[in-house]
1. If you add up the charges near Phe29, with Lys and Arg at +1 and Asp and Glu at -1, over every other residue whose beta carbon is less than 15 angstrom from its beta carbon, what do you get?
2. Place the peptides 39-45, 7-13 in order of packing, highest mean first, counting for every residue the other Cβ atoms within 10 Å and averaging per peptide.
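Any read-out appearing in this document is the output of simple, stated calculations on the displayed coordinates, not a laboratory observation. These numbers come from a predicted model, not from an experiment. Note: ideal-geometry Cβ built from the backbone for every residue, glycine included; neighbour counts use all protein chains shown.
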Amino acid sequence: MSGREGGKKKPLKQPKKDSKEMDDDDLAFKQKQKEQQKALEAAKDKASKGGPMGSGGIKKSGKK
């Protein structure tokens, strides 16, 4: 057992992935994701503008 063998081994380099052509299914999926992201951003903006979210629930009285 040599002293140089200790420690973490370097991972082997992975070959670069070729940029594959996108087919119609991939394009449709990406478009759907963009639309969902826009809807989420719109919902966040709408939620941040308003006042209290929900005023329901248990209300405590001032009596003791």
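1. Taking every other residue near Phe29 into account, the sum is -2.
2. Working: 39-45: 9.9, 7-13: 5.9.
Going by the mean number of other Cβ atoms within 10 Å, highest first, we get 39-45, 7-13.
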